[in-house]
Amino acid sequence: MAVPKRKTSKSRRDKRRSANSKAVKPNIMECPQCHEPKLPHRVCPSCGYYKNKEVKEVN
């Protein structure tokens, strides 16, 4: 059975663990109807359009 020769240091262990927990900034695109920023693949919160169709009414 394989056994480590030396103890893994805390810094080496934490560097390995932190590689998977990076915060990712969401992509923001421009709405083709009202040119306001919105998240991709979602209804625009300012005009209510999605894929050039009105999905919901916005007051």
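FYI, it's all coordinate maths here, none of it is from the lab. Computed from a prediction, not measured in an experiment: that's the story for all the values here. Note: ideal-geometry Cβ built from the backbone for every residue, glycine included; neighbour counts use all protein chains shown.
When shorter helices are ignored and each DSSP H run of at least 4 residues is given -39500 (n - 2.57), the per-residue value for the chain at 222 nm works out to -4500 deg cm²/dmol.
Working note: Karplus 6.51/-1.76/1.60 with θ = phi - 60° gives the stretch 21-32 the couplings 10, 6, 6, 10, 6, x, 6, 10, 10, 9, 5, x Hz, where Gly and Pro are set to x. Peptide packing: for 19-25, 39-45, 7-13, 50-56, the average count of neighbouring Cβ atoms within 10 Å per residue gives the ranking 39-45, 50-56, 7-13, 19-25, highest mean first.
One decimal place: the segment LYS56-SER21 gains 9.0 nm when fully extended, by the rule 0.36 nm per residue minus the C-alpha distance. For mean projected area of the Cα convex hull in nm², several values are listed as [x] 3.5; [y] 6.3; [z] 8.0; flag the one computed from this structure. It is the one labelled [z].
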